[in-house]
Amino acid sequence: MTVLTGRGLTKTYQLEEQTVHALRGVDVDVAPGDYVAIVGPSGCGKSTLLQLLGGIDTPSAGSVELLDTRLDTLDDRALTRLRLTKLGFVFQRFHLLPVLSAAENVELPMAEAGVVPAERRRRAQELLEYVGLGARSRHRATQLSGGEMQRVAIARALANKPAVILADEPTGELDAATGREILNLFRRLNGEGTTLVVVTHDDRLAAEAGRVIRMLDGRIEG
Amino acid sequence: MRRIPHLILLILLPFLAPARAAAQGVLEVALERRMATELGLRVGDTLRLGVAPDSLNRVARVAAIYEPAADPATVLRRELRLRMHLPDLAALLGQPDRVDRFGVALEPGASADSVARTLNQAAFGYRAYPSSQIASESSQTFRVVSRFHRAIAVITIVASAIFLLCIMLLKVEERRMDAAVMRFVGIRRRTIFLALLLEAAVVAVLGSALGVGIAWASGAATNLYYQRFFDTQLVFSLVTPDIVRFSVVLSLVLGLAAGALAAWRLVRTKPMVLWGRG
Amino acid sequence: MELRWGVRNLRRHPFRTALSIAGIAVASAMLLDMVMLRGGLEASFADLLLVRGYQIRVTPKGTLPLDSEATLPDATGLVATIRRDPGVASVAPLVATSIYGRRVAGPDSVVTLFGYGIDPRDQGLYQLLRGADLAPDDSAGVLLSDASAAALGAGIGDTVTLLGVLDPQMAAPAMERRLVVRGVVQWLYDYRDQPSVGTIVPLMQRLARTEQEDRVSVLLVKARSDAEVEPVVDRLRAQLGGAEVNGVADLVRHFQDRMVYFRQLATILGSVSLLVTVLLIGTLLTITVNERLGEIATLRAIGVSRASVVKEVLVEGTALTVVGCALGVALGLVTARYLDEILTSFPGLPATFSFFVPRTPNVVTAILVTLLTGALAGLYPAWLAARAPIAPTLRAEAT
């Protein structure tokens with residue numbers, strides 16, 4: 001049984017006069033509880049693959065299925081709703097809203113999902129404590145360090161209890177020590193049953209994964 | 001003292017008769033063009049005149065149709081006027097020896113002020129005014145309108161200045177990443193500032209030129225519209241070289257000041273802050 | 001979503017936000033002033049006409065009230081005819097003429113005055129400030145304004161000398177009367193510092209030498225109710241062929257014609273203000289959305305809908321407009337007073353007249369129009385934000 005499946009995923013786009021083949025017919029299966037690391041050199045198509053799996057980009061060919069729902073059958077509203085409730089995203093550059101506090105950033109997806117304010121405040125605090133930032137919940141994102149911001153981003157990704165967390169270079173902007181904190185957090189999440197798909201250059205993160213997918217020139221190696 | 005405009009004629013009833021006027025007892029009148037057009041009268045036509053609607057007992061022949069000098073004081077009132085010989089009007093009004101005013105032409109070198117003073121010393125029932133004083137009094141309306149226009153202009157300039165500053169700020173801040181990179185590679189603050197200032201100057205110059213064009217076009221449109229609306233040759237909007245000079249200088253100054261302020265804010269910010277990492 | 005990240009975004013760049021608010025404030029102040037000007041002219045004029053409740057004016061054919069020296073003959077007959085109309089409650093005759101007066105004390109000098117002949121029982125021309133009103137047949141009394149009292153050096157109880165037509169050949173007035181000052185009044189249609197005096201109609205006719213023809217300048221007519229004004233006007237027009245009959249609505253229309261320049265100016269400047277508001281908010285939001293495209297793409301990626309993004313951008317624009325508008329109303333009321341002071345110095349304008357009238361409907365209209373404009377101005381940037389493609393934007397952010 002898989003929670004996330006990609007079949008024949010191809011992505012081609014035009015860069016001025018050049019045609020870029022970012023992905024060339026990639027197949028991926030992710031089972032519940034998996035910890036999958038996607039590795040490869042820059043420009044190999046790792047982030048593109050993650051974006052297709054997360055439904056934030058559409059493939060030129062192929063299909064993605066999340067929890068038995070084909071993403072290409074959904075309109076934008078339904079796809080957005082699916083991302084909100086079934087997926088969690090962690091980005092390299094955190095992308096927290098600087099005008100909101102840590103807690104409010106975590107609440108944001110819950111507010112969008114219609115969770116009542118009291119419940120979402122409670123859960124946001126719970127998640128921040130889980131990632132070790134319970135005491136910093138009122139601080140604005142700009143008042144946090146890089147590692148703290150990434151942990152808030154992880155808490156945000158967990159807000160609506162997603163089926164899968166997709167992380168794109170989560171330690172890319174962090175120093176080694178802070179990267180280790182994220183590593184430990186991911187280990188803990190996966191240990192508690194959270195399905196993770198992580199794109200990374202970080203060998204330590206890749207080493208933690210249960211399965212490593214190596215990519216080169218838009219294809220999976222081996 | 002409120003000046004009550006002199007009575008011209010209250011009642012006109014066009015009476016189209018053969019062009020040949022009666023030899024005696026027929027007055028001659030000159031109609032202003034708008035009146036002739038509105039009443040459908042031509043030279044040679046006759047009409048009846050009177051001081052009340054039920055006493056139109058004098059016949060008058062249209063001897064001429066004239067275009068009056070455009071007078072801004074009367075354009076809004078849209079009155080229709082005709083001219084008659086003074087004795088005819090006086091007789092018609094039943095006041096054979098009354099007039100509203102005299103115009104007095106002086107010998108060369110005579111002072112209007114001192115002649116007026118002399119006349120007023122002996123005056124009873126009239127006053128003498130130098131023409132310049134009459135002109136000054138009657139231009140009071142336009143002075144009020146001028147003050148109003150100036151007040152509106154000041155408000156508009158303030159609003160424009162704020163708007164300009166805002167837009168300059170936004171446009172310069174859009175370049176924050178470029179500015180950060182330039183600082184990283186060693187470009188001096190002064191160089192960046194002058195580059196942004198030059199850009200602001202170019203925008204100000206082009207904007208001023210466009211503004212002058214728009215002002216000229218809208219002035220022409222204003223004149224076209226109001227001249228037709230009021231059926232007059234008055235010029236309502238005038239773009240003079242002085243006005244152009246003033247406006248261009250002001251917009252250049254405002255544009256450069258806005259650009260300078262926006263550029264100064266940008267260059268005094270640390271590069272890492274501009275980059276978003278500070 | 002109640003977190004209102006769009007509105008809070010305004011705090012990110014406080015100087016920019018403050019400038020935008022200032023710009024909107026000035027634009028909305030201008031709009032408010034122009035709405036007040038456009039609506040105020042007619043309202044102020046109509047109020048002035050109705051201040052004593054007389055809704056109809058009868059004047060010589062082809063003239064407007066006190067617009068010329070023309071007069072109506074046989075005033076007594078006319079008044080009787082008009083009073084017979086079942087819809088008429090009262091008729092107030094009015095003579096308006098130039099007369100003269102001698103100063104009470106000091107060097108003998110003739111001052112020029114404006115004379116009103118009125119019927120104290122039915123008058124729509126003045127309000128008593130001090131002293132007593134004239135009795136209906138008081139041919140020995142006179143009412144002064146503050147300006148004429150100062151010009152004549154007279155107070156209540158003093159005797160003043162009024163002169164009729166001055167004959168320059170004889171160097172003497174055609175008629176002189178000594179009258180006792182009964183009261184000081186505010187003449188409702190006088191311009192500032194106009195030196196006006198009032199006597200009963202027959203006396204002013206004598207002073208103006210029009211008593212033989214029983215001439216008056218205007219007849220003010222009060223209908224029994226507002227609903228009867230139009231029918232009374234129609235009937236009087238049919239009966240009085242030699243006179244001009246105008247209801248307040250007609251006079252306001254004539255006035256609108258005379259004031260067409262200000263009305264059009266108000267429309268043009270008001271439109272320019274709205275355009276400035278649209279441009280300012282539209283540009284500000286477009287640039288800030290462009291700056292935050294990465295953020296917006298992330299929000300879309302984590303599941304925030306297009307509708308939420310649009311709503312937040314629109315709310316951001318509306319918030320700017322609300323604050324700017326609130327300041328603009330205050331600023332507009334202040335500038336309106338300043339502009340009104342300028343325009344009410346027009347020569348010959350009644351002192352009680354106002355160009356900028358802050359009526360609640362006008363203020364509400366200006367506010368609503370500004371708010372709607374500000375909200376709509378955010379549509380394009382909101383659309384930009386909603387349409388931002390997620391993946392390419394995130395890719396661009398990563399480089």
Problem set entry | Neighbouring partner chain Cβ atoms per residue of C:67-74, average, 10 Å criterion | 4
Exercise. If the label point is 7 Å along Cα→Cβ of B:Arg98, which residues in the stretch C:135-174 have backbone nitrogen under 17 Å from it?
Worked result: C:163-174
For this session: Rank C:Asp74, C:Asp167, C:Asp122 by mean-square fluctuation in a GNM of chain C with C-alpha springs under 10 angstrom and give only the top-ranked residue.
Result: C:Asp167
Exercise. Got a sec to turn the phi values of the stretch A:88-103 into Karplus ³J(HN,Hα) couplings, 6.51 cos²θ - 1.76 cosθ + 1.60 with θ = phi - 60°, whole Hz, x for Gly and Pro?
Worked result: x, 10, 10, 10, 4, 9, 6, 6, 7, 7, x, 7, 9, 6, 4, 4
Exercise. Using only helices, what value at 222 nm comes out for the protein assembly as shown when you add -39,500 (n - 2.57) per DSSP H run of length 4 or more and divide by the total residues, to the nearest 500 deg cm²/dmol?
Worked result: -15500 deg cm²/dmol
Exercise. What's the local net charge at A:Leu174, with K and R +1, D and E -1, over the other residues with C-beta under 12 Å away?
Worked result: -2
Problem set entry | Loop sites in the stretch C:200-289: trypsin sites (Lys or Arg not before Pro), DSSP, at most 14 other Cβ within 10 Å | C:Arg209, C:Arg224
Exercise. Picking from B:Tyr226, B:Tyr126, B:Tyr66, which is most flexible by a Gaussian network model of chain B using Cα springs under 10 Å?
Worked result: B:Tyr126
Problem set entry | Extension gain (nm, one decimal) between C:Ala326 and C:Ala46, 0.36 nm per residue minus Cα-Cα | 97.8 nm
For this session: Using DSSP, restrict attention to beta bridges with both residues in the protein assembly as shown and report what percent are antiparallel, rounded to the nearest 5.
Result: 70 percent
Exercise. Amide H to amide H under 5 Å from C:Gly141: which residues, 5+ apart in sequence or cross-chain, H placed 1.01 Å off N in plane?
Worked result: C:Val180
Exercise. Say each of C:Arg83 and C:Tyr261 gets a label point 7 Å from the Cα, pointing the same way as Cα to Cβ; how far apart are those two points in nm?
Worked result: 4.4 nm
For this session: Between A:Thr10 and A:Arg24, with labels modelled 7 Å along Cα→Cβ, what's the label distance in nm to one decimal, could you check?
Result: 1.2 nm
For this session: Return the single residue from A:Val164, A:Val39, A:Val116 with maximal mean-square fluctuation; model: Gaussian network over chain A, springs between Cα atoms under 10 Å.
Result: A:Val116
Problem set entry | Percentage relative contact order, chain A, counting C-alpha pairs under 8 Å, at least six apart | 30 percent
Problem set entry | Check: the stretch A:119-219 dipole with +1 on Lys, Arg Cβ and -1 on Asp, Glu Cβ, in debye | 480 debye
For this session: Take the Cα atoms of the stretch A:44-172, find their three principal axes, and give me the spread along each one in whole Å, biggest first.
Result: 46, 35, 23
Seminar exercise, completed: Computed over all unlike Cα pairs, the Kirkwood hydrodynamic radius of the stretch C:135-238 in Å stands at 16.0 Å
Exercise. Hey, what's the per residue convex hull volume over the C-alpha atoms of the protein assembly as shown, in cubic angstrom?
Worked result: 266 Å³
Exercise. For chain C, taking Cα atoms only, what is the radius of gyration to one decimal and the Dmax to the nearest whole Å?
Worked result: 31.0, 103
Exercise. What average number of partner chain Cβ atoms lie no more than 10 Å from the Cβ of the residues making up C:15-24?
Worked result: 5
For this session: Count the DSSP beta bridges whose two residues both fall in chain B, then state the antiparallel fraction as a percent rounded to the nearest 5.
Result: 60 percent
For this session: Could you calculate the FRET efficiency of B:Ala260 with B:Arg127 from 1/(1 + (r/R0)^6), where r is the beta carbon distance between them and R0 is 60 Å, rounded to 0.05?
Result: 0.55
Problem set entry | Of the trypsin sites (Lys or Arg not before Pro) in the stretch A:69-161, those whose Cβ has at most 11 other Cβ within 10 Å and which sit in DSSP loop | A:Arg138
Exercise. Each residue of the stretch C:379-393 in turn: what ³J(HN,Hα) in whole Hz from Karplus with 6.51, -1.76, 1.60 and θ = phi - 60°, glycine and Pro shown as x?
Worked result: 5, 5, x, 5, 5, 4, 5, 5, 8, 4, x, 5, 5, x, 5
Seminar exercise, completed: Quick calc, the protein assembly as shown, dipole around Cα centre from Cβ unit charges on Lys, Arg (+) and Asp, Glu (-), nearest 20 debye, gives 1580 debye
Problem set entry | Over 30 Å (Cα to Cα) - which of A:Lys11/A:Lys86; A:Lys11/B:Lys270; B:Lys171/C:Lys311; B:Lys171/B:Lys270; C:Lys61/C:Lys222 fall in this group | A:Lys11/B:Lys270
Seminar exercise, completed: The value for the stretch A:134-175 (convex hull of the alpha-carbon atoms, volume per residue, Å³) is 79 Å³
Exercise. If we count other beta carbons within 10 Å of each Cβ, what is the order of C:Trp187, B:Trp264, fewest first?
Worked result: B:Trp264, C:Trp187
Problem set entry | Signed unit charges on C-beta, dipole axis of chain C, positive-most listed residue C:Val218, C:Thr318, C:Thr298 | C:Thr298
Seminar exercise, completed: Rounded to 0.05, the calculated FRET efficiency for the beta carbons of B:Met272 and A:Glu129 at R₀ = 35 Å is 0.65
Exercise. Of all the C-alpha pairs in the stretch A:1-120, what % are more than 21 Å from each other?
Worked result: 49 percent
Problem set entry | Approximate spin-label separation A:Ala78-C:Ala396, in nm, with each point projected 7 Å along Cα-to-Cβ | 3.0 nm
Exercise. When you look at the Cβ of every residue in C:163-169, what mean number of other chain Cβ atoms sits within 10 Å?
Worked result: 2
For this session: Find which of B:Leu164, B:Val115, B:Gly103 sits farthest along the positive direction of the dipole of the stretch B:57-205, computed with +1 on the beta-carbon of Lys and Arg, -1 on that of Asp and Glu, about the Cα centre.
Result: B:Leu164
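Computed from the coordinates by the stated procedures, all read-outs in this text should not be read as laboratory data. The shown structure was predicted, so the numbers you read here are calculated from the model rather than taken from an experiment. Quick reminder, even Gly has a Cβ in these numbers, built from the backbone with ideal geometry, and neighbours come from all protein chains shown.
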